[in-house]
Every structure is written in C-alpha cells, then in structure tokens.
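Input: a single structure, listed below in structure tokens.
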There are 2 protein chains.
Amino acid sequence: MTPLTLDTSLLAPTVTPAQIDQLSDQLATTHRHLLDGTCPGADFLGWRDWPDQDHHQLLDAIQQAASRIQQQSQALVVIGIGGSHLAGQAGLEFIHGSYHAPHVNGLPVYFVGHNLSSRAWLEIAARLRHQDWSLNVISKSGTTLEPGLAFAYFRSLLEKRYGAAARERIYATTDAHTGLLHDQAVGAGWSRFIVPDDIGGRYSGLTSVGLLPWAVAGLDIAAALQGASKAKNDLLSNLNLTNPAWQYAASRYLLCRAGKTLELFATYEPSLQLLGRWWQQLFGESEGKTNPVIFPATINYTQDLHSLGQFLQQGSKNMFETTFYLDEDATIPLTSSDVHHTWPYLDGKNLDFVQKQAHLATLQAHHQGGVPQLVFHLTQTSEFTLGYTLYFFEYACALSALLLGVNPFDQPGVQAYKEEMMRRLQE
Amino acid sequence: MTPLTLDTSLLAPTVTPAQIDQLSDQLATTHRHLLDGTCPGADFLGWRDWPDQDHHQLLDAIQQAASRIQQQSQALVVIGIGGSHLAGQAGLEFIHGSYHAPHVNGLPVYFVGHNLSSRAWLEIAARLRHQDWSLNVISKSGTTLEPGLAFAYFRSLLEKRYGAAARERIYATTDAHTGLLHDQAVGAGWSRFIVPDDIGGRYSGLTSVGLLPWAVAGLDIAAALQGASKAKNDLLSNLNLTNPAWQYAASRYLLCRAGKTLELFATYEPSLQLLGRWWQQLFGESEGKTNPVIFPATINYTQDLHSLGQFLQQGSKNMFETTFYLDEDATIPLTSSDVHHTWPYLDGKNLDFVQKQAHLATLQAHHQGGVPQLVFHLTQTSEFTLGYTLYFFEYACALSALLLGVNPFDQPGVQAYKEEMMRRLQE
C-alpha cells in the first residue's frame with residue numbers, strides 16, 4: 001500500500017482526463033531522460049538513486065554525532081539557508097508538531113542563518129545563554145553570506161562560552177573536498193558530514209543536511225530513508241498514468257497552459273505548513289525560469305477560509321488548489337455540554353470528522369467557484385511517510401520542470417541579487 | 001515626523017507618476033465617501049474614528065484583567081479565527097520577536113481555534129498541563145465552528161483543572177448584547193469585553209480583540225492607540241497624493257490594471273512575518289470579490305531570495321513586490337576573524353548594514369527583472385508604530401477596495417464553504 005495518493009477528479013472542466021492521457025508519451029520520454037541521465041541538469045541527479053544506496057556507515061556516523069550532541073547539550077543550533085534548512089525544519093514539524101512539545105528523546109533545534117536580522121539572532125542568543133548547546137553549520141561552500149555571517153557570530157558565542165572545547169560542539173555539513181567551510185573544518189578538527197556533489201540544495205533533504213538535525217531531535221532517520229526508497233520503487237517503475245507523480249506533473253502542465261498560474265498548497269494541519277514552504281522552494285526555484293509558469297504559494301486551513309477563502313470563492317480565476325490532506329485521526333471527542341447544546345448533530349463525533357467535512361466542503365465550494373482542485377491524501381505522519389513525501393515531490397518536480405522545458409536543477413536567476421549585493425557591500 | 005513612509009520610485013516603467021496623478025480626483029471622491037459614510041459597507045466604518053474616542057475606561061478594564069491574568073497564570077490561551085486572532089498574534093511578534101524570548105513583564109500567549117487539528121490542540125493541552133493558565137475566547141457570535149469547538153474543549157480542560165474557580169479564568173470578547181457567547185458569559189459570570197457592532201473582524205485589531213492579549217503579554221496598549229490616532233490624523237486630513245495611503249491605493253489599482261495580479265509583501269525581519277499574514281487577510285478578504293484583482297501573498301527575505309528569488313528574476317511577470325522595511329538598527333557588529341578573513345570589506349561594519357545592502361540589491365535586481373517595487377519604510381518597532389501601521393493599512397485597504405468598486409467590509413464568499421460544511425455535518 002502506498003502512503004501518498006492523488007485525486008484529480010475535481011480538475012474538470014478546466015483539465016480533463018482525456019487531456020492528461022494525451023501527455024502520456026511526453027511523460028514517458030521525460031521519465032526516460034531522467035533515468036538515463038540525458039535530461040538538462042544531468043550532473044545533479046544524485047537524489048534519484050540516493051535512497052537505495054548503502055548508507056549504513058553514514059547512518060552510524062550521524063547517530064553517534066547525535067548521541068554526543070544529546071549528551072553534551074540541551075539545544076542544537078542549525079545554520080543554513082534555502083535548501084540547507086527548509087527540509088530539516090519541515091521534517092521536525094512533520095513529526096513533532098508545530099507547538100514544539102517537549103521532546104522525549106531529542107533536543108529542540110533552532111534554525112538560523114536564513115536571514116540577516118540582528119533582532120532574530122539576538123533573540124536566539126538570549127535563549128542559549130542558560131543552556132548548553134551545539135552547532136551544525138550547513139553550507140556547500142561556506143561563502144554564502146547569510147549562513148557565513150551567522151556561523152561567524154554563533155561560533156564566536158560558542159568559543160566565548162567553551163573556549164577550546166567549542167570544537168567538540170561544532171558539526172560542519174559541507175563539500176567533501178574543497179571550499180571555505182571544508183577547509184575550516186579540517187583545520188579546526190570539527191566533525192564533518194558531506195553534501196554530495198551531484199545533489200543540489202533543494203534536493204538535499206534526505207542527505208546529512210536533513211538527517212543530522214532530525215537525528216538530534218530524536219527522529220528515526222533510517223525509517224525516513226526507507227520511506228524514500230519505497231517512493232523510488234513505487235514511482236520509477238510505474239510507467240503510466242496510474243503513477244501519481246505523472247498525474248501531478250501532467251495536471252500542473254495543463255493547468256498552467258489553461259492560465260492557472262498560481263498554485264495554492266493547502267494544509268489543514270499546522271504541522272504540515274513548513275512542508276508547504278519546502279515544496280514552495282522546490283517548485284519555485286526549479287521551474288521559475290520561464291514564462292508563463294506557476295507561482296507556488298501556501299495556504300493554511302481552516303484559518304485561511306476566514307481570510308483568503310473569500311478570494312478563492314469570488315476573486316481572480318488564475319489559480320488552482322493542491323490540498324495535502326492527512327487522513328490519520330488523532331481524535332479529540334466532542335462530548336462537552338456546549339457541543340451538545342449548540343451543535344447537537346456533532347455530539348459523539350470527533351474533531352477529525354469535523355475537519356474532514358470542512359475539507360470536503362471547501363473542495364466543493366471552491367470547485368464550484370471555478371478553482372480546479374488537486375488532492376493528495378497522506379495515510380499518516382511518520383518518518384517513513386516523511387521520506388516518501390520528500391522523494392515524491394522531488395521526482396514530481398523534476399518531471400514537471402522538464403515538461404516545461406527548463407533545467408530543474410539550476411538557479412541562474414539567484415545570481416542577479418547576489419552579484420548586486422556583493423558590489424554594494426564592497427563599495 | 002511620520003513613522004511609515006512609501007517609496008514608489010521603482011514602479012516605473014509599469015506605472016508612472018503621471019498615471020498616479022490622474023487618479024487624484026477619484027481618490028478624493030473615494031476618501032470623501034469614506035468620511036461622510038456614503039460608501040458601500042458604511043455600517044462598518046467604526047474603525048475610522050475608533051483611535052480618537054475616549055477609551056480611558058476600556059483601557060483601565062483591560063489593564064485590570066491583564067494584571068489579574070498575570071497574577072493567576074503563567075500562560076494565556078486565546079481562542080479566535082481570522083480577524084479574531086491575526087492582529088493579536090502579529091502585534092505580539094512585532095514587539096516581542098518571533099523566537100518568543102522570555103518576557104519580562106508579560107505572559108506567553110497561545111493562539112488556538114483557528115484550525116480543526118486534533119494534533120495541534122493536544123500539543124497545546126500538553127504544554128498547559130504543568131502551568132496555570134487563563135482563557136480569552138474571541139467571537140462576535142460564539143457560533144463560528146472552529147473557535148466554538150476549541151472553546152468547548154479548552155474550557156472543559158480548565159473546569160477539570162480548577163472546578164468552579166475556572167470561571168475566574170475565562171474572558172469573553174464578544175457582542176455587547178446578543179449571541180451565544182454573550183449569553184454564556186452573562187450566565188456564567190465571566191469577564192466580558194466588547195466587539196463593537198460597527199467594526200468587522202479584520203478591522204478589529206485595535207479593539208479589545210487585540211488589546212487584551214497584548215496587555216497580558218506586557219505591551220503598552222495606550223501607546224498602540226496613540227499610534228493609530230496619529231495615523232488617523234496624518235492620513236484623513238491629507239487630501240492629496242503626498243498621502244502615502246493614497247499612493248499605495250493608486251499604485252495597486254494601476255498595477256492590477258497592468259496585469260500585475262500577485263502582490264508579494266516582503267519582509268526582512270522574522271518578527272514582521274505575521275504582520276504580513278494580517279495584511280494578507282485584510283486585503284484578500286476585502287478585495288477578493290471581483291476579477292481581476294490582486295492576490296496578496298507574503299515572502300520572507302533573505303530566506304526566500306534563495307528560493308522564490310529565482311522565480312521573481314526569471315519567472316512569470318504577473319507580480320509586484322511591496323517591501324515592508326524596518327529602518328531601525330539592532331546592530332550586531334561583524335568583528336570576528338572569520339569575517340575579517342572571508343569578507344574583509346565587512347570588517348567593522350554591522351549586520352544591519354549588510355541587511356540594508358541585500359534589500360537595496362534585491363530591489364534593483366527584481367526591478368530589472370521586470371517586477372515593479374513598492375517600498376514601505378518603518379522607523380522602528382514599538383507599540384506606537386504598531387498602532388500606526390495597522391490603522392494605515394486599514395485605511396489604505398478601504399480606499400483600495402472602493403477604487404475597485406467593491407464593498408471593503410463584507411465577505412459574502414465565505415458563506416459558500418460554511419453552508420456546505422454545515423450541510424455535511426448535519427447529514
């Protein structure tokens with residue numbers, strides 16, 4: 001049984017099953033190019049076979065580091081930006097929830113280095129003052145400005161606190177052979193983990209980039225890789241339109257051609273919102289290099305039914321919704337006298353039932369309002385389904401970008417602001 | 001001196017100053033209709049004069065309640081959805097920051113009732129198990145499903161814990177005269193605060209809806225109202241295009257007509273991200289009832305320069321950016337040897353300087369990439385500028401929606417999902 005399925009039945013009338021069927025050959029060709037490495041960006045296909053490789057040594061090394069961090073510290077600071085922090089953060093919320101309940105087996109993790117905010121850095125520094133902590137810096141090169149400056153700052157805090165023993169608390173996830181951070185780590189004797197050469201930032205969540213923070217927070221990282229491996233086997237061998245990644249890529253292609261250039265990734269669980277942010281980077285940075293193309297945005301239900309719901313019902317018609325719905329029940333029974341009095345038909349039901357009806361009502365109302373609907377169903381949240389989900393979208397995004405005719409794995413447009421910023425900083 | 005200003009110089013060539021000037025008469029007419037109450041939705045203009053009314057008694061009552069809550073509890077749970085929680089939450093982050101540093105004078109506040117997630121409710125319940133807490137339920141009617149069910153659940157937790165004394169810990173912010181929650185509160189003897197009849201949910205941030213949670217968290221709520229009053233006086237008396245709210249409304253109107261139907265509200269401070277969510281509801285729900293109209297989305301820099309930056313540079317050209325930039329320095333000096341070695345030109349500079357150059361570089365790069373730019377500058381974050389900012393956008397949104405020809409204060413489209421959901425729940 002597959003943990004993630006896709007329902008395309010509410011795409012019509014904008015996109016019809018017959019139209020999707022017509023893309024079958026194009027999808028098969030694109031898939032073949034991904035498999036035989038003849039697609040654009042073929043140097044960055046390392047994510048494709050990653051889950052099936054032998055990672056016993058890597059997992060052991062990560063578990064040892066995580067154990068040491070858990071023994072030495074009450075918190076881990078993770079420094080990274082973009083692909084170096086979104087999957088890590090999304091995975092933690094996926095498992096632990098968004099209200100950061102006290103963890104039984106793991107440590108709280110603070111993510112920094114993805115902004116240039118003195119306020120935010122000082123706030124985190126204040127929280128660290130009264131606890132022991134360790135530091136995981138994640139950067140392929142070490143020269144990206146935000147994590148570079150954050151590392152300089154937090155490392156200096158660590159060294160003021162622990163002196164020479166700070167080196168026992170620094171973990172560098174970086175290039176295997178070269179680069180500023182690699183050289184610093186070798187010179188100082190910090191523990192090192194590798195960002196593979198053939199896996200780009202936004203595809204790196206299942207490497208040490210995500211696995212080390214997850215392990216420190218108490219996640220079962222072997223299960224995450226097993227889930228990704230299951231996704232690989234489900235998806236790469238299913239060469240027809242029963243493949244949900246094919247359906248998703250084909251649907252998006254056709255929706256974009258029909259003028260639906262805004263995709264809203266809707267979740268009903270606060271703990272899935274950061275998965276949406278990871279998804280947003282994945283698709284935005286992979287596809288956003290042609291015109292027209294779909295802008296990926298996120299929406300949080302039921303909250304946003306009371307804000308953007310109005311817009312979806314009666315505003316512009318250039319959008320579609322992709323709901324990522326968790327089918328698993330957590331179950332709060334609705335038994336109080338208030339419920340009995342005001343909503344008697346809910347008496348004896350539970351909160352998950354209400355959420356599900358809100359979801360189904362929203363699908364129908366927005367579909368009738370002219371917004372095509374895609375619906376993913378996830379059976380449950382676990383490390384296994386986390387790995388499955390990340391791999392699913394990585395593969396689907398590669399397919400989708402290639403259908404659009406762009407290289408899924410580069411980001412030439414990010415250079416423009418970097419170059420302009422560097423020019424200004426050196427003035 | 002005004003704490004919030006707008007720079008429109010990077011709208012050209014999409015929108016020119018001459019085009020904005022041509023809207024002057026239309027803006028003056030719209031403004032007059034707002035002032036004399038002849039615009040659509042005139043029953044909901046209570047927000048307009050609210051900051052200048054005599055609120056001494058209200059402020060005293062809120063401060064007394066806040067003091068009692070602070071004495072009795074270590075946390076406050078606030079239950080509300082949409083307009084009943086976004087301003088409250090945004091204001092807390094605006095002042096306290098997004099990493100929830102321990103508060104000197106106030107309590108932590110948990111917001112619930114804006115989703116139907118058993119997971120999230122159980123997580124918060126787990127956190128409350130080991131501390132004393134009080135409850136503020138915010139609902140005009142008491143029959144909105146999400147906060148209604150959340151209130152039933154958390155109230156039952158409170159009553160299990162404190163028995164009859166739970167009533168000393170419940171604060172209802174609701175209608176003055178009628179409704180389920182009003183009647184419950186009167187019957188049970190809970191403390192009551194009022195949602196004014198002539199102020200809609202998304203315009204209610206500066207009423208008891210926002211003020212009570214802010215006061216409990218230690219914010220200076222009198223200063224927030226003073227800031228709003230300053231905004232009112234600055235904006236309502238300035239009848240020409242030097243009025244930044246007129247500029248903003250006119251710019252959005254022209255950008256929408258030029259096909260720019262996606263607005264990205266960009267912030268560089270994590271503590272301003274929830275202000276963006278409040279802004280998103282305000283504009284989305286006020287304007288999203290015609291076509292074409294601008295979809296409001298938020299973007300967090302510099303993080304998203306490493307994700308959506310690619311899209312802005314080279315993707316679809318149907319968007320513009322509205323940056324909300326904080327000019328105040330918090331100042332982390334860049335003095336470490338790492339900085340000296342890798343970025344020698346930054347030696348002796350501070351982090352705010354780098355953030356500012358990133359901001360200016362982004363403006364230029366995205367403008368050259370074909371994305372028109374609006375830039376708000378905020379002098380500092382304080383309760384005064386919080387009140388100023390909320391009032392500014394309330395007024396600007398009313399103007400903007402009226403220019404589009406829609407009623408800024410209703411939300412007929414929200415009914416569709418509500419009715420469908422109720423039908424399903426009662427099946």
Discussion item. So residue B:289 passes all but one of these: (1) crowded, with 24+ Cβ neighbours inside 10 Å; (2) over 27 Å from residue A:412 (Cβ atoms); (3) within 7 Å of chain A (Cβ to nearest Cβ). Which condition number does it fail?
Written reply: (1)
Fill in: Flag for residue A:240 being part of a loop (DSSP other than H, G, I, E, B) and out of contact with any helix residue (DSSP H, G or I) (no Cβ under 6 Å at 6 or more places or on another chain)
yes
Worksheet item: Pick from B:371, B:406: which is within 13 Å of chain A (Cβ to nearest Cβ), in contact (Cβ under 8 Å) with a residue 12 or more places away in the chain and open to solvent by less than 10 Å² (accessible area, probe 1.4 Å)?
Response: B:371
Discussion item. Being closer than 24 Å to residue B:327 by Cα and of a type in the set (Phe, Trp, Tyr) is the filter here; which residues of the stretch B:219-269 pass it?
Written reply: B:246, B:248, B:265, B:268
Practice prompt. Mind listing whichever residues of the stretch B:408-426 are assigned to a helix (DSSP H, G or I) and of a type outside the set (S, T, N, Q)?
Written response: B:414, B:416, B:417, B:418, B:419, B:420, B:421, B:422, B:423, B:424, B:425
Worksheet item: Do we have residue A:283 as in contact with a Pro (Cβ under 6 Å, 6 or more places away or on another chain) and either crowded, with 21+ Cβ neighbours inside 10 Å or in contact (Cβ under 8 Å) with a residue 24 or more places away in the chain (or both) here?
Response: yes
Worksheet item: Across the stretch A:310-334, what is the total count of residues that are touching a Gly at 6+ places or on another chain (Cβ under 7 Å) and either open to solvent by 10 Å² or more (accessible area, probe 1.4 Å) or facing another protein chain (nearest Cβ under 7 Å) (or both)?
Response: 7
Practice prompt. Just name the residue that is nearest to the other protein chains (Cβ to nearest Cβ) out of those in the stretch B:298-309 that are modelled with pLDDT of 85 or more and open to solvent by 10 Å² or more (accessible area, probe 1.4 Å).
Written response: B:303
Fill in: Hits in the stretch A:30-78 - residues which are open to solvent by 70 Å² or more (accessible area, probe 1.4 Å), among the polar types (S, T, N, Q) and in contact (Cβ under 8 Å) with a residue 40 or more places away in the chain
A:63, A:74
Worksheet item: Taking the stated definitions as given, is residue B:357 polar (S, T, N, Q) and either touching a strand residue (DSSP E or B) at 6+ places or on another chain (Cβ under 6 Å) or open to solvent by 30 Å² or more (accessible area, probe 1.4 Å) (or both)?
Response: no
Item to complete: Please go through the stretch B:268-298 and pick out each residue that is closer than 18 Å to residue A:276 by Cβ and hydroxyl-bearing (Ser, Thr, Tyr).
Response: B:298
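In the stretch A:259-276, what residues are facing chain B (nearest Cβ under 8 Å) and under 13 Å from the mean Cα position of the chain (by Cα)?
A:271
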Discussion item. With the structure loaded, tell me whether residue A:356 is within 7 Å of another protein chain (Cβ to nearest Cβ) and basic (Lys, Arg) or whether it fails that test.
Written reply: no
Fill in: Residue list for the stretch A:1-29, restricted to those being more than 17 Å from residue A:399 (Cβ to Cβ), crowded, with 18+ Cβ neighbours inside 10 Å and of a type in the set (Val, Ile, Thr)
A:14
Worksheet entry | Residue tally, condition over 19 Å from residue A:160 (Cβ atoms) and free of Cβ contacts under 8 Å to residues at least 24 places away in the same chain, over the stretch B:348-363 | 9
Worksheet item: Counting only residues that are of a type outside the set (Asp, Glu), under 26 Å from the mean Cα position of the chain (by Cα) and more than 24 Å from residue A:289 (Cα to Cα), how many does the stretch A:14-57 have?
Response: 6
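Identify the residue in the stretch B:111-125 that is closer than 25 Å to residue B:67 by Cα and in a helix (DSSP H, G or I) and, among all such residues, is nearest to the chain's Cα centre (by Cα).
We begin by selecting, within the stretch B:111-125, every residue closer than 25 Å to residue B:67 by Cα; these are B:111-113, B:124-125.
With in a helix (DSSP H, G or I) added as a condition, the list becomes B:124-125.
On the way: B:124: 23, B:125: 26 Å.
Per the stated criteria, the residue is B:124.
The values are calculated or read from the model by the stated rules, or taken from the named source; none is laboratory data. For clarity, every value in this text was computed on a predicted model and none was experimentally measured. Cβ atoms come from the backbone with ideal geometry, glycine included; neighbour counts cover every protein chain shown. The area values use the complete protein model at the heavy-atom level, side chains included, leaving out ligands, DNA and RNA. Shrake-Rupley method; radii C 1.70, N 1.55, O 1.52, S 1.80 Å.
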